[in-house]
Protein chains: 2
Amino acid sequence: MTTIDELFATLRRRGVLWPSAEIYGGIQGLYDYGPVGTAIKRRIEEAWTEWMVRASDDFYLIEPAELLPEPVVRASGHLENFTDPEVSCADCHTAYRADTLLETARPEGVDGLAPAEIGRLVQEAGVRCPRCGARHWTVPRPFNLMFSVDFGATGDETAYLRPETAQSSYLAFARMWDVGRHALPLGIAVIGRAYRNEIAPRQVLFRSRAFTQAELQIFFDPADYPAPLESVADERLPMVRADRRAAGDLTPVGATPAELVAAGELPAFYAYHLARSYRFYRDVLGYPAERIRLYEKSATERAFYNRIQFDVEVDLASLGGFREVGAVHYRGDYDLTRHGEGSKKDLSVARPDGRRVVPHVLEITFGVDRNLWALADLDLQTEGERTVWRLPPYLAPIAGGVFPLLRKEHGEAARRIWRSLRAAGIPVEYHETGSVGKRYARMDEIGAPWCITVDHETLAEGPLHGTVTLRERDSRTQERLALAPLEARLRASLRPPTP
Amino acid sequence: MTTIDELFATLRRRGVLWPSAEIYGGIQGLYDYGPVGTAIKRRIEEAWTEWMVRASDDFYLIEPAELLPEPVVRASGHLENFTDPEVSCADCHTAYRADTLLETARPEGVDGLAPAEIGRLVQEAGVRCPRCGARHWTVPRPFNLMFSVDFGATGDETAYLRPETAQSSYLAFARMWDVGRHALPLGIAVIGRAYRNEIAPRQVLFRSRAFTQAELQIFFDPADYPAPLESVADERLPMVRADRRAAGDLTPVGATPAELVAAGELPAFYAYHLARSYRFYRDVLGYPAERIRLYEKSATERAFYNRIQFDVEVDLASLGGFREVGAVHYRGDYDLTRHGEGSKKDLSVARPDGRRVVPHVLEITFGVDRNLWALADLDLQTEGERTVWRLPPYLAPIAGGVFPLLRKEHGEAARRIWRSLRAAGIPVEYHETGSVGKRYARMDEIGAPWCITVDHETLAEGPLHGTVTLRERDSRTQERLALAPLEARLRASLRPPTP
């Protein structure tokens, strides 16, 4: 798999993912997950929850509504600032993002430039309309990326589809504080849809108009947030620092959290969570270490309220290089301060020593769809005739298949074993048609790690007492096992790693 | 718990559920789930998937986008017909649903009446505005319940937040057919948000503006859909038939699927799935049989494309009687015919005998939020000082808590056991503060079925070898168990029933 089109065609053909409302010609920037995609997506979400949320007694997963009333997005700044510079072809009226048009002429982007200045750059660069070839452009205007919704029966209220799940956690902070232990840190996680009216959606899951974010907002007292740095002490983080980047050097430099903290470059809480995040991508999602980098955003590149920002980037062949799949943002007290003003509620909390503080926020954000794409890009491999999706077993859509070697002779026993595994909570399918080789191939393609074949040796002792052949996807090794150790082996492989 | 306000206050105070954007005064008809609510909601969704989807090799769960392009809702009929009759107070301009205003004066509703006729009824009944007391009303108008969204950069496209998840499954049929086995029946399930701009949202989760549906659409050939009636042969279904209801009789009459089919009253496939659905509410959600009824909608009450419709209703104290929590709809070939016309794609499929058929649809719909509310209404009980949420164990937010009897003496051992259970995939929390009685009470309130107490007897054999006290929530019985049988016991209790 090299190009994005090839990979998408493969995923579409296999029913992993396809354009939404496909029979109507699609709707730009929206996608549907088929059965295999849905199952993998849920496994990713589960693994993220296990690593990021359940790892701490102070972190909680909630499920808030996706619509936000207008005062919320006014306070958060999205109503005013959540824009992209839009420019239209004066001839064919197609709309584009100015920074996308300027991608080759001005790789550093247009952040911070005024519309008139961007317009001048587009003209100067002599950009032609990708659709009709003309070079007459409208003056760029800021285009708000939020989808607005007429809300209520009178039609005079406006709500917005949330542009990020984070706002839902900020809104929930006061209630979560009230019902909780009145202690910081307090982590509030949301996994759910966010929506952006991208001017020009592209690259399938990398710039779509509806996407799933998994975000953890950690509310903390900056004067009192001890981080167990020793648990990540040995980790060398592959960082691309903003200052070295400005000097033209994109080589990641390994540094340990302890070194970064000792040098005063990062606060301990930030270094700790950055290291834990890095481990998630490497040890849970299984991305090769050399394909991950932590890309620091400079003060001009990051949102003004972000005090520190490292994007987690992964090197993907289908997208031609490193792309953002997650990030760690230190947002300071911006969010609760703004929502305190917007709602006229005091969102400060009392600390044990009597101080009142507006909690600061460390945000760990994770693009579920983008990482599903990354798992396809990195792990879906063709080897001659054979296609194998080398997903970590706990991210596979199912554990595997149970097959009778011969349908008539071994079918009944195989079905009993299949039912017994399902009753034990192991997600397995039963397949009896086609050669065993073909049934192996079908499991390989969807990334199912295990194939269980039932034959005459199984019957010798009675189906729930005899042995079966267990075949592993990647090594293709086979071994004979009795049912009890089989169940234990499968179960262990399905548990995502915990920190 | 009797009133809806009391029950909602309890759930809010405990952080199960609260109004969305609460610090801003809320946004009408939207709610956020807190940690306990989120966990229970996911367990319900998991139990539904296990029973409804995984029970068959022909059924699949997918995750489509929530936004639909305009041609889709034009073809489905929602653009034209998905309306409620809205009437406004001419004095204070508050909008109401005409049928709600007429609820006491005309309990049979206003289905099928023209706006002018509804207007006459409102005037005749002398209804006063619930807000300002006036009795001057505007002429009712049909109000479309879909939220429309300006889609795309030019602002001349319109998309709609889906009013039901069902449409997403109809759109996916062709792709699912192509990638699948080319066989009917084919079931496509979706669990996800649907949105309705209710004129007057009320009754918390029973009429909100965003809600989660779990819906299974079974596409089938009406000439060839054998149903294993023998597997539900003994089931007496508590049916309230439309004809008896018209005669004033609301008493459920028990009838078995076989009787109904033999008498020509229901097709076998319908009787079978109605019986399976009934079992889901009774055996999986655990609703008392006498509180469930299957309420037939008459030809004038149901949507014109529904050939048969039984709502599943459950008797809830907080809502003053029986309320709909799910339904089984036989929709004929309406959906694929309409979308075939709308998309200009041939959605008929070839059958083994050479016929081409437009598949018919049997829809099994389930309101996740409404059923979560029902579980609170029925199972959250106060007994003197004690509050217990008697959830079926597999629907509980967590399995339970691990407690050291004495923090200093038994804390380390308890933490080891807690970690070992978590590593085995059993969701347990560790709590060491407060008396054991208080820790029991906290678990009872959230419905966690098990409390595990670690004491000096545990230590005698070493923490992973000694015994612990296992206390069961409902019976409050206690027994001593070693760790291996403990893990097996907990695990078994967490598996939702399979058919």
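A Cβ distance below 6 Å, combined with a sequence gap of six or more or placement on separate chains, defines the contacts here; from the range A:76-95, residues that are in contact (Cβ under 8 Å) with a residue 12 or more places away in the chain reach residues that are surrounded by fewer than 16 Cβ atoms within 10 Å (Cβ to Cβ) and of a type in the set (A, V, I, L, M) in the pairs A:C89/A:A134; A:D91/A:A134. All told, B:E70 meets the bar of being at the interface with chain A (Cβ under 10 Å from one of its Cβ atoms) and of a type in the set (D, E). Of all residues in the range A:348-358, how many are assigned to a loop (DSSP other than H, G, I, E, B) and away from every other protein chain (no Cβ under 14 Å)? Qualifying residue count, the range A:348-358: 5.
Here is the figure for the range B:435-476: residues that are assigned to a loop (DSSP other than H, G, I, E, B) and on the phi < 0 side of the Ramachandran plot total 12. Being more than 9 Å from chain B (Cβ to nearest Cβ) and in contact with a Lys or Arg (Cβ under 7 Å, 6 or more places away or on another chain) holds for only one residue in A:A242, A:A189, A:A174, A:A166, and it is A:A242. Here is the figure for the range A:177-186: residues that are facing chain B (nearest Cβ under 9 Å) and of a type in the set (G, A, S) total 1. For the range A:399-424, a residue qualifies if it is within 14 Å of chain B (Cβ to nearest Cβ) and surrounded by 18 or more Cβ atoms within 10 Å (Cβ to Cβ), and the qualifying residues are A:A399, A:G401, A:V402, A:F403, A:A414, A:W418, A:L421, A:R422. Within the range A:69-83, being buried (at least 21 other Cβ atoms within 10 Å of the Cβ) and either under 24 Å from the mean Cα position of the chain (by Cα) or in a loop (DSSP other than H, G, I, E, B) (or both) holds for A:V73, A:S76.
Only one of the listed residues (A:L237, A:L171) is of a type outside the set (K, R) and either at pLDDT below 95 or touching a Phe, Trp or Tyr at 6+ places or on another chain (Cβ under 7 Å) (or both). That residue is A:L237.
Among residues of the range A:473-496 that are closer than 18 Å to A:W389 by Cβ and in the same structural domain as A:S420 (by TED's automatic domain parsing), those with a Cβ under 6 angstrom from a residue that is among the basic types (K, R) and modelled with pLDDT of 95 or more, sequence gap 6+ or separate chain, pair up as A:D474/A:R390.
Residues that are of a type outside the set (A, V, I, L, M) and within 19 Å of A:Y287 (Cβ to Cβ) were ranked within the range A:50-67; the one that is nearest to the other protein chains (Cβ to nearest Cβ) is A:E50.
Within the range B:325-374, the set of residues being of a type in the set (S, T, N, Q), out of contact with any Asp or Glu (no Cβ under 7 Å at 6 or more places or on another chain) and under 30 Å from B:D5 (Cα atoms) comprises B:N371 only. The criterion of being among the hydrophobic types (A, V, I, L, M, F, W, C), modelled with pLDDT of 90 or more, assigned by TED's automatic domain parsing to the domain that holds B:R202 and more than 29 Å from B:K297 (Cα to Cα) does not hold for B:A134. Among the residues of the range A:192-209, those identified as facing another protein chain (nearest Cβ under 9 Å) and among the hydrophobic types (A, V, I, L, M, F, W, C) are A:I199, A:A200. Restricting B:T38, B:T3, B:T10 to those that are within 10 Å of chain A (Cβ to nearest Cβ) and surrounded by fewer than 24 Cβ atoms within 10 Å (Cβ to Cβ) reduces the list to B:T38.
Being buried (at least 17 other Cβ atoms within 10 Å of the Cβ) and modelled with pLDDT under 95 holds for only one residue in A:T458, A:T469, and it is A:T458.
Restrict the check to the range B:331-347 and report whether at least one residue is modelled with pLDDT of 95 or more and under 15 Å from the mean Cα position of the chain (by Cα). The answer is no; no qualifying residue exists. Annotation: of all residues in the range B:350-365 being of a type in the set (V, I, T) and over 15 Å from B:F173 (Cβ atoms), the one that is nearest to the chain's Cα centre (by Cα) is B:T365. Would a scan of the range B:74-84 turn up a residue that is under 22 Å from A:R193 (Cβ atoms) and either at the interface with chain A (Cβ under 10 Å from one of its Cβ atoms) or in contact with a Phe, Trp or Tyr (Cβ under 8 Å, 6 or more places away or on another chain) (or both)? Checking the range B:74-84: at least one residue is under 22 Å from A:R193 (Cβ atoms) and either at the interface with chain A (Cβ under 10 Å from one of its Cβ atoms) or in contact with a Phe, Trp or Tyr (Cβ under 8 Å, 6 or more places away or on another chain) (or both). Listed by position, the strands (runs of 3 or more DSSP E) enclosed by the range B:256-347 include none that has at least 1 residues that are in contact with a Leu (Cβ under 7 Å, 6 or more places away or on another chain) and not assigned by TED's automatic domain parsing to the domain that holds B:D243. Exactly one residue out of B:A396, B:A374 is under 22 Å from the mean Cα position of the chain (by Cα), buried (at least 20 other Cβ atoms within 10 Å of the Cβ), assigned by TED's automatic domain parsing to the domain that holds B:E472 and touching a residue at least 40 places away in the same chain (Cβ under 8 Å), and it is B:A396. Here are B:T10, B:T2: which of them is among the hydroxyl-bearing types (S, T, Y) and part of a loop (DSSP other than H, G, I, E, B)? One residue alone meets the criteria, B:T2. Checking each residue of the range A:94-112 against the condition of being more than 33 Å from the chain's Cα centre (by Cα), modelled with pLDDT under 90 and of a type in the set (D, E) gives no match. Of all residues in the range B:54-83, none satisfies the criterion of being modelled with pLDDT under 90 and within 28 Å of B:S148 (Cβ to Cβ).
The values are calculated or read from the model by the stated rules, or taken from the named source; none is laboratory data. None of the values given here were measured: they were computed from a predicted structure. Backbone-built Cβ (ideal geometry, glycine too); neighbour counts: all protein chains shown.
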